[in-house]
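The values are calculated or read from the model by the stated rules, or taken from the named source; none is laboratory data. This one's a predicted model, so the numbers in the text were calculated from it and none came from an experiment. Every residue, glycine among them, receives a Cβ derived from its backbone with ideal geometry; neighbour counts consider all protein chains shown.
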Amino acid sequence: MKSIIVSMFVAAGLMVAGSATAGAFSTGACKACHAVGKDVVGPDWKVVADAYGDSKTLAAVFKSGFKVEDRKVAGANDKWKKQAAVMTGQFGSLIKGHEDEAADALFAAVKAGKI
């Protein structure tokens, strides 16, 4: 439980730092909870990318309000359903309004192995 709380504070700090950055969507704040090749606080982004197949499909989920039941990984796995509230909060401050950019950046980062 403590590690989840600490991770939330780290993510919040990265959100503040990332919000000052102009230009393309940054996956910097995502790295607090996600990685390629392993689960962290959130699921392995490679697993998420494989579940959605392309950035347009992921962006559509973001645009629909990022409901847990629409999330292919969180909606199908109890472990990630419990973490869904954390990501829902971050969605509102990080991704909302940048859905296409976020999905494109996340798929590019996964392809490059850099998230």
ask   = How do the pairs read when you match residues in segment 78-100 that are part of a helix (DSSP H, G or I) with residues anywhere that are modelled with pLDDT of 85 or more and loosely packed, with under 15 Cβ neighbours inside 10 Å, using Cβ under 6 Å and keeping only pairs 6 or more apart or on different chains?
value = 99/63
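One line per residue, one yes/no per condition, for (1) among the acidic types (Asp, Glu); (2) modelled with pLDDT under 85; (3) crowded, with 19+ Cβ neighbours inside 10 Å:
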site	(1), (2), (3)
14	no, yes, yes
17	no, yes, no
37	no, no, no
49	no, no, yes
53	no, no, no
104	yes, no, no
113	no, yes, no
query = With respect to residue 63, is the statement that it is at pLDDT 85 or above, loosely packed, with under 15 Cβ neighbours inside 10 Å and in contact with a helix residue (DSSP H, G or I) (Cβ under 8 Å, 6 or more places away or on another chain) true?
reply = yes
task = Scan segment 42-82 residue by residue and report those that are more than 13 Å from the chain's Cα centre (by Cα), closer than 22 Å to residue 109 by Cβ and of a type in the set (A, V, I, L, M).
result = 51, 60
message = Condition check: closer than 22 Å to residue 112 by Cβ, modelled with pLDDT under 85, assigned to a loop (DSSP other than H, G, I, E, B) and in contact with a helix residue (DSSP H, G or I) (Cβ under 9 Å, 6 or more places away or on another chain). Does residue 21 satisfy that?
response = no
ask   = Does residue 60 count as among the small types (Gly, Ala, Ser) and either in contact with a strand residue (DSSP E or B) (Cβ under 9 Å, 6 or more places away or on another chain) or part of a helix (DSSP H, G or I) (or both)?
value = yes
